[in-house]
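The values are calculated or read from the model by the stated rules, or taken from the named source; none is laboratory data. Note that the structure is a prediction, hence the values are computed from the model and not measured.
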Amino acid sequence: MFEIKTELAKVPDLPGIYMMKDDGEQIIYIGKAKNLKKRIKQYFQSKNH
């Protein structure tokens, strides 16, 4: 099972490129960030924060 807190702990606080895949492992998005951990965390936070 995917645990966001466990996986997020592995992500560096560094610039980089990331990709998102759908259930069929097809790439649906490629992005870049100055801080990978911060960017990925944003995807999993609710918009009401």
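For this structure, a couple of remarks:
- Restricting attention to region 8-48, the residues being modelled with pLDDT of 95 or more and among the polar types (S, T, N, Q) number 2.
- Filter result (acidic (Asp, Glu) and assigned to a helix (DSSP H, G or I)) within the chain: Glu7
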